[in-house]
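The values are calculated or read from the model by the stated rules, or taken from the named source; none is laboratory data. These numbers come from a predicted model, not from an experiment. Because the Cβ atoms are built from the backbone with ideal geometry, glycine has one as well, and the counts that use them run over all protein chains shown. The protein model used for the area step is the full one, side chains on, heavy atoms only, and it has no ligands, DNA or RNA in it. Shrake-Rupley method; radii C 1.70, N 1.55, O 1.52, S 1.80 Å.
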Amino acid sequence: MCYDISYKITLESLEDYFGSLIYDDPQINLEFDGTHIMGHSYGQHPIIYRNREDQQLHCKLMEWGCIPFYVKDEKSFIRQRASMLNARSERILDDTKSYWNKIRNRRCLIPVNGIYEHRAIKGWKLKVPYYINLKSQPTFFIPGLYSVVELPDTSTGEMLKRWTYTLITRDANAIMRDIHNNGDNRGRMPLFLPLELALQWLNDELPEADYRAILQYEIPSEELSYKTVFTIRSPKLRPDDQPKNELWEWEKLPALGEMNPD
């Protein structure tokens, strides 16, 4: 699955891809700096969606990690929320009992510069983190689903609307299978889309055949760029003071596909 992304952009540059955008939040920071964003922090990030009232494309701060619209007590849901960071593409249309099927028409796009994933190597204590991005686009867009829930403010009791989102994943391509090769969710990757399919994802009317074709899209391995980086889930700083998404050489690192765990 995907719990770590990189998202350092000037929001105005999003209009190069979408044209004019409506910004819902007056406090939104046009210089968004998120070289490493962890899903389990449930932070707010700029998300692109089509507003149901005016049918225009909007940019809104939403929290990563869906809270279903029926939740009344956030504290009782906190443990389950970790399972709502990602949605499996296979479940959205076909699993009618899943929450993802219920919100399948609340589609959004998550702008990223890249994602992080970890590779296990037999005999190594630590997993090796990789930074993966698209060769063709410095900023690209992972499809997601969003949810809106009303919950009380813990300090005032005032009912507030909370906008939250999930990131869609699919079976990994060959490169990503070699990188994400361990753990309960090994062999998964975010649903990377070319720009034309990302834009289609936000169409007001998306026929089911087109919806299914997008969910089944597998990006070719040769369109991905990848490199090893320094440990990302540690407060320990890089010795060279470089950003987390810059190359870090791991000594005696075997080639991809070699020394995989059993």
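Summary of values
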quantity	calculated
Any hit, region 221-243, residues being touching a Ser or Thr at 6+ places or on another chain (Cβ under 8 Å), in a loop (DSSP other than H, G, I, E, B) and open to solvent by 70 Å² or more (accessible area, probe 1.4 Å)	no
Some residue of region 195-205 being modelled with pLDDT under 95, closer than 23 Å to G39 by Cα and either touching an Asp or Glu at 6+ places or on another chain (Cβ under 9 Å) or surrounded by fewer than 16 Cβ atoms within 10 Å (Cβ to Cβ) (or both)	no
Residues of region 244-262 that turn out to be on the phi > 0 side of the Ramachandran plot and open to solvent by 90 Å² or more (accessible area, probe 1.4 Å), as a count	2
Subset of region 65-100 (residues that are in contact with a Phe, Trp or Tyr (Cβ under 6 Å, 6 or more places away or on another chain) and assigned to a strand (DSSP E or B))	A87
Qualifying residue in region 168-185 (condition: outside any helix (DSSP H, G or I), open to solvent by less than 10 Å² (accessible area, probe 1.4 Å) and either at pLDDT below 95 or farther than 28 Å from E258 by Cα (or both))	yes
Residue pairs meeting the criteria (Cβ under 7 Å; at least 6 apart or on separate chains; first closer than 15 Å to E150 by Cα, in region 52-78; second open to solvent by 80 Å² or more (accessible area, probe 1.4 Å))	M62/Q44; E63/Q44
Filter result (farther than 19 Å from G144 by Cβ and not hydroxyl-bearing (S, T, Y)) within region 11-35	E12, E15, D16, G19, P26, Q27, N29, L30, E31, D33
